[in-house]
Amino acid sequence: MRRILAAMATLAALNAPVLADDTLKVAVGQLTTWENQMTLIGQDAGIFKKHGIVLENFGTNGAGETLQAVISGSADIGIGMGTSGAMRAFVRGAPVRMLAPAFTGSNDLYWYVKADSPIKSLADTTESQTIAYSTNGSSTHSLVIGFGKELGLKAKPTATGGPPATLTLVMSGQIDIGWASPPFGLKEIDEGKIRVLARGSAVPSTRNQTVRVQIVNANLLREKKDVIERFMKAYREAIEWMYSDPKAIEMYAAKMKVPVALIKKALPESHPRSALQADALSDADGIMRDAVTNKFLDKPLTKEQLAEFYPFPALGK
């Protein structure tokens with residue numbers, strides 16, 4: 001009888017349904033930046049698999065494309081969306097919600113010129129010159145507007161997409177001032193080909209703001225909150241792994257084809273661990289004030305709207 005029961009148990013186990021992992025489509029604003037690697041090398045490290053999640057990551061040229069992907073449903077989650085742009089889409093009725101803070105502060109972004117450029121500061125620029133940002137609604141877009149309002153920039157803001165395309169435009173003379181985020185451009189800076197002109201932190205109002213957020217399709221959040229809960233658990237775990245295991249930097253350096261030493265040198269200044277906090281929307285009042293000033297919003301969100309925009313601050317904790 002014991003043998004019969006054991007055989008029956010084995011047969012039942014073999015015939016039991018195997019639960020498949022849940023798949024999420026993720027639009028990543030800039031595939032090359034360190035702060036957006038949670039879903040990329042985090043998946044490579046097996047962190048999301050451990051939580052029953054498989055990610056289909058794909059890159060965009062910036063916040064504008066990321067937002068459209070999430071609105072249309074071609075992406076479930078958007079990584080690295082400018083906070084002001086996400087708020088603007090929300091108040092206009094788009095089915096997007098803030099999932100978590102992505103980056104607080106703005107020292108990770110920098111603007112540069114060719115080494116032989118006559119431009120020495122943002123205030124040196126003229127209306128005949130151009131300065132790059134990624135796409136409309138991005139944090140680079142907000143910062144370039146801030147350069148004009150707070151630092152006397154006169155150059156014409158121009159959307160150029162991601163750092164690789166922007167570098168090509170700068171080196172060919174089609175754009176005067178380019179933008180990037182480490183580790184992109186570190187090799188060119190080290191070789192004396194380009195010169196850093198300003199960092200995002202030059203705009204004082206953004207230094208303690210959550211300048212980028214992760215967004216989620218509102219319908220998906222409503223229908224599959226349990227899946228998104230597991231995604232956020234894995235996302236938080238991936239951040240901790242990236243800052244505690246040297247293997248994360250080695251994997252990233254290999255992917256970017258950049259020496260490990262250059263990345264280790266840049267991260268403390270450009271991407272400190274505190275900047276990737278995923279717990280609180282930092283300086284929401286300042287974000288909305290600047291969004292109104294920069295014409296991303298007509299007026300600040302009400303308390304009720306803000307709670308609807310960011311409905312689950314503790315998701316995945």
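Here are some notes:
- Selection count, the stretch 250-276, where residues are within 18 Å of the chain's Cα centre (by Cα), hydrophobic (A, V, I, L, M, F, W, C) and over 15 Å from Gly185 (Cα atoms): 2
- Meets criteria (at pLDDT below 95, touching a helix residue (DSSP H, G or I) at 6+ places or on another chain (Cβ under 6 Å) and not assigned by the TED database to the domain that holds Ala86) for Gly178: no
- Residue in the stretch 89-105 that is of a type in the set (D, E, K, R), over 15 Å from the mean Cα position of the chain (by Cα) and assigned to a helix (DSSP H, G or I) present: no
- When Gly78, Gly29, Gly46, Gly52 are checked against the criterion of being at pLDDT 95 or above and buried (at least 24 other Cβ atoms within 10 Å of the Cβ), a single residue qualifies: Gly78.
- Subset of the stretch 122-152 (residues that are under 25 Å from Gly80 (Cα atoms) and among the polar types (S, T, N, Q)): Thr130, Ser134, Thr135, Asn136, Ser138, Ser139, Thr140, Ser142
- Verdict on Arg273 being open to solvent by less than 50 Å² (accessible area, probe 1.4 Å), outside the structural domain of Ala180 (by the TED database) and basic (Lys, Arg): no
- The stretch 196-217, residues that are part of a helix (DSSP H, G or I) and open to solvent by less than 10 Å² (accessible area, probe 1.4 Å): Gly200
- Of all residues in the stretch 142-158, those being open to solvent by 50 Å² or more (accessible area, probe 1.4 Å) and either at pLDDT 95 or above or assigned by the TED database to the domain that holds Ala253 (or both) number 3.
The values are calculated or read from the model by the stated rules, or taken from the named source; none is laboratory data. For clarity, every value in this text was computed on a predicted model and none was experimentally measured. Heads up, the Cβs are rebuilt from the backbone with ideal geometry, glycines too, and the neighbour counts pull from every protein chain shown. Please note that ligands, DNA and RNA were not included when accessible areas were found on the heavy atoms of the full protein model with its side chains. Shrake-Rupley method; radii C 1.70, N 1.55, O 1.52, S 1.80 Å.
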